[in-house]
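Here is the structure we will look at, set down as structure tokens.
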Amino acid sequence: MSTPESQQVLVTVTGRDSPGITARLLAVVADSAVVLLDIEQVRVHGQLVLVLLLGMERGKNDSAVKDLLFEATALGLSLEFKVMEDDEEVLSAPPKRYAVTVVADRVEASALQVISQVLAKLSINIESIRQLSEGGLGCFEIIAAETGMHERTLDLRRRLLEETQHLDVDLAVASEDLLRRSKRLVVMDMDSTLIRIEVIDELARMHGVVEQVSAITKRAMAGEIDFEGSLRKRVALLKGLDADKVRELASNLPLTEGAEDMLRVLKTLGYKTAVISGGFSTAADALKEKLGLDYAYANGLASEAGKLTGELEGPIVTPQRKADLLDTIVQSEGIGLDQTIAIGDGANDMAMLEKAGLGIAFHAKAKLREAADTAVSRGGLDRILFLLGLHARDVEAILNRG
């Protein structure tokens, strides 16, 4: 903070970047009597923006600014300085920071304008904008801050979703803190999330009962039958299906776009991975082996003499059990719930997504998108990596490792 005898000077240096610029300018500061209070530097398309906040005695040390100007000119750079007024000083209380991630096939200026307008209306100031994608404007991360101490993440997300609903973008809003970057576990639904199909529908098609199974599914979605009741009714229709056909389907499951890349990156970063499914263990176990997952939970299909009996075996993975299994894994791994990510597409994933530190609705219906922390409605599972603040070049580096 400035005193009557001191002042703060903000120095902004811009121009074409090259190695050694920062070192030469800081050498001028180091050789003077001024105090370096803060420093920020960014490089955009080969252009440097370097900002120095200097503390000095009023009426003295002007030579330091002049020396900086001479050095910047010699380096082919532009330099501007501003004496900060007392009311421009940064408050001593740390600001509350938010990370807003916007993802699309191409992020248009209109989307960034709407987001920045919402932030301005809420008196939340943008500190930085950086592109996380490469080869096109597919993802941006906006770090914004306010001096208020109240947690407004949910309100901010709601306001942003309302204002961007007419735009083809996905948005994530999170507190920009250590917990955002310290996730350690990702759990996924299986059908229509980790894989592109609904296994029970494919089995019903093999057995010639797909229409009957679909009718029960519709009744369940309408709320006429609960999840466990509808599952038992549908499985009963599979009685007599050759168990080898179930294993054959499980060995050839079509993975969702980006699933393998996402899992490879997360496992390289030390994440534990799990599938928790209301589907069938034959498929979940096959995925566990194929993808190197750490955990797989699903429903067992009873069989006898090589044929399905039309019954289930073992505990049923209901929506509540999905959330409970997430708890079980957390306790087994010794991590916190706030370090977990849950991904799903249906209403039976809601309890699991609500329990996780970050709940992601993936290509889901409106009800789940509204309940989840964020949603990915376009592209593959690898887009989730952007929500964790990973840059495309870092992802590519991991994927290209031998």
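Table for the structure above
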{"quantity": "Helices (runs of 4 or more DSSP H) contained in segment 303-402 and holding at least 3 residues in contact with an Asp or Glu (Cβ under 7 Å, 6 or more places away or on another chain)", "calculated": "392-399"}
{"quantity": "Residue match in segment 224-240 (condition: in contact with a helix residue (DSSP H, G or I) (Cβ under 9 Å, 6 or more places away or on another chain) and over 20 Å from THR318 (Cα atoms))", "calculated": "yes"}
{"quantity": "Index of the failed condition, LEU171 passing every other in (1) under 27 Å from GLY380 (Cβ atoms); (2) assigned to a helix (DSSP H, G or I); (3) outside the structural domain of LYS367 (by TED's automatic domain parsing)", "calculated": "(2)"}
{"quantity": "In segment 115-161, residue surrounded by the most Cβ atoms within 10 Å (Cβ to Cβ) [restricted to those that are among the β-branched types (Val, Ile, Thr) and farther than 21 Å from ALA372 by Cβ]", "calculated": "ILE124"}
{"quantity": "Filter result for LEU255 (out of contact with any Cys (no Cβ under 9 Å at 6 or more places or on another chain), modelled with pLDDT of 95 or more and closer than 30 Å to LYS183 by Cα)", "calculated": "yes"}
{"quantity": "Some residue of segment 204-214 being under 17 Å from GLY346 (Cβ atoms) and crowded, with 20+ Cβ neighbours inside 10 Å", "calculated": "yes"}
{"quantity": "For LEU287: the one exception among (1) aliphatic (A, V, I, L, M); (2) in a strand (DSSP E or B); (3) in contact (Cβ under 8 Å) with a residue 60 or more places away in the chain", "calculated": "(2)"}
{"quantity": "Condition check for GLY310: under 22 Å from VAL213 (Cα atoms) and out of contact with any Phe, Trp or Tyr (no Cβ under 7 Å at 6 or more places or on another chain)", "calculated": "yes"}
{"quantity": "Residue match in segment 183-199 (condition: in a helix (DSSP H, G or I) and farther than 30 Å from VAL118 by Cβ)", "calculated": "yes"}
{"quantity": "Among residues of segment 226-269, those that are among the hydrophobic types (A, V, I, L, M, F, W, C) and not in a helix (DSSP H, G or I), counted", "calculated": "6"}
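The values are calculated or read from the model by the stated rules, or taken from the named source; none is laboratory data. It should be emphasised that the depicted structure is a prediction, and the values quoted were computed from it without experimental measurement. Using ideal geometry, Cβ is built from the backbone for each residue, glycine included, and neighbour counts are taken over all protein chains shown.
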